[in-house]
Each structure stands twice: as C-alpha cells, then as structure tokens.
Amino acid sequence: MMLKEVIVLSLSVIGTNAMAGGLYLYEIGTEDIGLAGAGQAARAQDAGTIAFNPAGMTRLEGNQVSLGLQALYGDVNYHLDRPNGNNPDNPVIGWFPGASGFYSHSIDERLKVGIAMYGNFGLGLKFGDWSGSALLRESTLIGMTIQPTLAYKLNDHWSFGVGIGANYGIFSQSGDRLTDEIKDTDWAVNGKLGVLYEPSQLTRFGLAYTSKTEFNYNVELKTSLVTRTMSAKINAPQQMMISAYHQLDPKLAILGNVGWQDWSSFGDSTILLTGAEAELAGHLVDTWHAALGLQYQYTPQLRLNTGLAFDSSFYPSQNDGKLALPVGDTWRLGLGGQYALDNTSTIGVAFEYGRTSASRVSNPLLGGGYDVANMYFMSVNYSRKF
C-alpha cells in the first residue's frame with residue numbers, strides 16, 4: 001500500500017510539467033507578463049512571439065533578439081485533517097528562476113526563420129519533515145524547450161508559422177521510504193502552428209495551436225524491502241489560443257485572448273509497474289482561458305502594460321484534488337513597462353500576481369486541504385534589432 005502511494009504521488013508531481021498550479025505557464029520572461037498574457041498570439045512586437053505564435057515573426061523588422069529573466073515565488077499552504085498531524089505548510093521551494101532567449105532572422109521581407117530557448121515548465125516542492133515524509137519529502141521538475149521556427153507572409157493580410165519544440169525534462173524525487181533519490185530525464189517533441197490575420201494596420205488577430213507532448217519516464221523505486229522498475233506515460237495536453245490586438249488611438253491599444261487546453265487527455269496518462277497499469281490523475285475536464293489587456297504609449301520612449309486573465313480548473317470538483325497538484329480557478333493580474341534605450345533596443349520590467357482557489361485532497365492517508373494559493377512573477381527583458 002505504501003509503495004503504491006509513493007508511485008501515485010511521484011507521478012502526480014511529474015504530471016506538473018509545463019504547469020503552474022496545474023496550468024501551462026504563460027510566463028517565460030517576455031513583455032507578456034505585464035499583460036497577464038493578453039494578446040500573446042497577436043501582439044508580435046518582439047522575438048518572443050516565437051513561443052506564442054510563430055507567424056508573428058513576419059511583423060518584425062530585420063533581425064531581432066530578445067532575452068528574458070524571471071523569478072516565480074509560490075505561497076501555497078497545505079493543512080492535514082489530522083488534529084495531531086505535522087503540516088508541510090508552504091511546499092514551494094523559495095524563488096524559482098527562469099530564463100529565455102529568442103532570435104528572429106529575416107531571409108527576405110516575407111520569409112523569417114527563428115530559434116527559441118525557454119524554460120516552459122518547472123516546479124520545485126519541498127514538503128520537509130511532515131506527517132507524509134515517508135511518501136514525499138522533496139520533488140523537482142525542471143525543463144527547457146528548444147524551438148526552431150519558420151514563418152512566411154503570404155500577403156499584406158495573412159501570415160503563417162510553424163515551430164518544432166524539443167522539450168527536455170528532468171525529474172527527481174525523494175521520500176523517507178526511498179533509499180535513494182529517484183531521477184530520470186526525457187526528450188519529447190511537439191509542434192506549434194500559428195496564423196496571423198491583419199485586416200488593417202490597426203487591427204490583427206492571431207491563432208496558435210500547440211500539439212500534445214508525451215513524456216516517458218523510467219525509474220527504479222527502492223524501499224527497504226524491494227526494488228521495482230516503473231514506467232510512466234505523461235500527456236501534456238494540446239492547447240489552442242485566439243488573440244486580438246486593436247489600436248484604439250495613437251497611444252492606446254487593447255488586447256485580448258480566449259483559449260482552450262485539453263486536460264481531459266491528461267487523465268489518460270498511465271503508470272506501469274510490474275505489468276499492472278493504472279491511471280495517473282483520473283477524470284479531469286478541459287480548461288478555458290480569457291484575458292484582457294491594455295498598452296499605453298505614455299511617452300515616445302515609455303510603453304505601459306496591464307492585463308487581467310482567468311483560467312478555469314481542470315478538477316470537476318475542488319473537493320477531489322491531488323496532493324501534488326494544488327489546482328483551481330486562477331486569476332492573474334499583470335503590470336509592466338517597456339523603455340526604448342535608443343532606436344534599436346528596449347528594456348522592460350514586469351510583475352504578475354496569480355491567485356488560485358482552494359482545493360481539498362481526499363487521500364485516506366494524507367487527506368487535507370490547500371488554502372488559496374498565491375503566485376508572484378517578476379521579470380526583466382531586453383530586445384534589440386539589427
């Protein structure tokens with residue numbers, strides 16, 4: 001029974017790839033953090049568009065590079081139902097760093113090629129000395145995506161883009177019942193398609209689709225009694241985003257998103273131990289996303305950003321959550337600014353606050369609940385064209 005619990009908890013953490021609180025990260029160190037991701041598939045104002053809509057490269061002049069640094073801090077508290085249980089309190093490991101880099105190159109006015117490297121997923125949990133430390137004490141999942149990209153401008157209104165993502169993930173975990181740390185790595189490939197439609201110079205619409213990513217992990221689970229080999233198939237779901245950008249006047253622009261993520265397919269993820277197959281997460285539902293943002297050109301050098309976003313929970317009921325997935329309906333509020341250093345380079349800073357609803361865990365051994373979760377993102381970015 002204890003070994004089974006170790007397996008389920010281990011894979012629940014693996015399943016957090018590309019997620020923050022169970023949702024894909026929109027935050028990768030670009031200007032979009034200050035907009036809470038609003039308009040990310042239509043904005044196309046720097047090389048970071050490679051990650052959100054590769055077709056947006058056709059709007060970039062010449063060659064451009066964008067670099068970003070960010071840090072995520074999570075405040076998530078778990079309380080056991082046992083009156084004498086030792087709670088882990090906040091299991092998120094301090095400030096979690098991230099970095100990204102994007103380069104867009106012009107073959108000619110219509111054809112663009114680019115490459116991106118960014119940390120598209122990552123989560124560190126440190127439960128420490130608590131009542132469940134026999135099953136889970138520490139767990140870390142970090143990853144990086146390398147994405148070569150191609151975009152072509154068909155005419156003044158339509159552009160298309162495609163990218164291939166090579167996703168590298170590292171998973172490690174330890175618990176008191178494990179004699180050694182368990183660790184594995186895997187490469188997984190996915191695809192990204194983008195369309196950009198510009199009916200006028202003031203308005204554009206973007207459509208971006210990301211295919212499912214399938215990770216396969218193989219680890220040895222060791223206890224004082226037995227060593228067993230475990231394999232797991234983890235489906236990071238496909239998703240789609242539709243974005244809009246409209247210039248209301250020379251200084252003010254409005255941006256928006258609607259999106260969908262296929263989390264019901266994540267429930268099909270499986271584990272295999274000595275010939276026995278089991279579900280990982282059970283029944284989940286698809287999630288929906290909406291965002292609205294504003295850009296204001298305060299001076300010729302300074303552009304200000306703000307945005308508000310909402311993502312629904314993939315749990316059918318918040319009373320049936322998972323210990324390693326503190327997930328719920330999530331609101332995001334972003335603020336930021338971009339400053340032009342000269343005609344070729346800009347620097348920007350951004351802050352985003354995320355608030356996720358509480359959830360209950362019905363595990364018979366470690367049942368309890370997560371309070372409302374708070375996430376804080378801070379970032380700095382630099383872009384240059386040449």
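Can you confirm whether segment 215-236 contains a residue that is under 29 Å from Leu333 (Cα atoms), out of contact with any His (no Cβ under 9 Å at 6 or more places or on another chain), of a type outside the set (A, V, I, L, M, F, W, C) and at pLDDT 90 or above?
no
Are there any strands (runs of 3 or more DSSP E) wholly within segment 266-333 with 2 or more residues that are within 20 Å of Ala253 (Cβ to Cβ) and modelled with pLDDT of 90 or more, and if so which? Explain how you work it out, then say what you get.
Numbers: elements: 270-273, 276-279, 287-297, 302-311.
Those strands (runs of 3 or more DSSP E) span 287-297, 302-311.
What is the one condition in (1) modelled with pLDDT of 95 or more; (2) touching a Ser or Thr at 6+ places or on another chain (Cβ under 9 Å) that Gly337 does not satisfy?
(2)
Tell me the residue from Leu193, Leu202 that is touching a Gly at 6+ places or on another chain (Cβ under 9 Å), more than 20 Å from Leu141 (Cβ to Cβ) and in contact (Cβ under 8 Å) with a residue 12 or more places away in the chain, please.
Leu193
Output the qualifying pairs, or none if there are none: Cβ atoms under 9 angstrom, residues six or more apart or on different chains, first residue in segment 231-245 and outside any strand (DSSP E or B), second residue basic (Lys, Arg) and surrounded by fewer than 24 Cβ atoms within 10 Å (Cβ to Cβ).
Pro237/Lys212; Gln238/Lys212
What single numbered condition from (1) within 25 Å of Ser66 (Cα to Cα); (2) at pLDDT 75 or above; (3) not β-branched (Val, Ile, Thr) fails to hold for Gly122?
Gly122 satisfies all of (1) within 25 Å of Ser66 (Cα to Cα); (2) at pLDDT 75 or above; (3) not β-branched (Val, Ile, Thr) except (2).
Kindly indicate the residue of segment 334-361 that is among the hydrophobic types (A, V, I, L, M, F, W, C) and part of a strand (DSSP E or B) and also farthest from Gly256 (Cα to Cα) among those meeting that condition.
Per the criteria, the residue is Val361.
Could you list, in sequence order, all residues of segment 362-386 that are among the aromatic types (Phe, Trp, Tyr), touching a Leu at 6+ places or on another chain (Cβ under 9 Å) and loosely packed, with under 15 Cβ neighbours inside 10 Å?
Result: Tyr376, single match.
Would you be able to tell me the number of residues in segment 364-377 that are assigned to a loop (DSSP other than H, G, I, E, B) and touching a residue at least 60 places away in the same chain (Cβ under 8 Å)? Walk me through it before giving the result.
Step one: of segment 364-377, the residues assigned to a loop (DSSP other than H, G, I, E, B) are 364-367, 371-372.
Subset that is touching a residue at least 60 places away in the same chain (Cβ under 8 Å): 365-367, 371.
Adding up the residues that qualify gives 4.
Name every residue in segment 340-357 that is surrounded by 15 or more Cβ atoms within 10 Å (Cβ to Cβ), farther than 16 Å from Leu35 by Cα and either acidic (Asp, Glu) or modelled with pLDDT under 95 (or both), in order of residue number.
The answer is Thr356, Ser357.
The values are calculated or read from the model by the stated rules, or taken from the named source; none is laboratory data. Keep in mind that this is a model prediction, so the values were computed, not measured. A quick note on method: Cβ atoms are made from the backbone with ideal geometry, for glycine too, and the neighbour counts reach across all protein chains shown.
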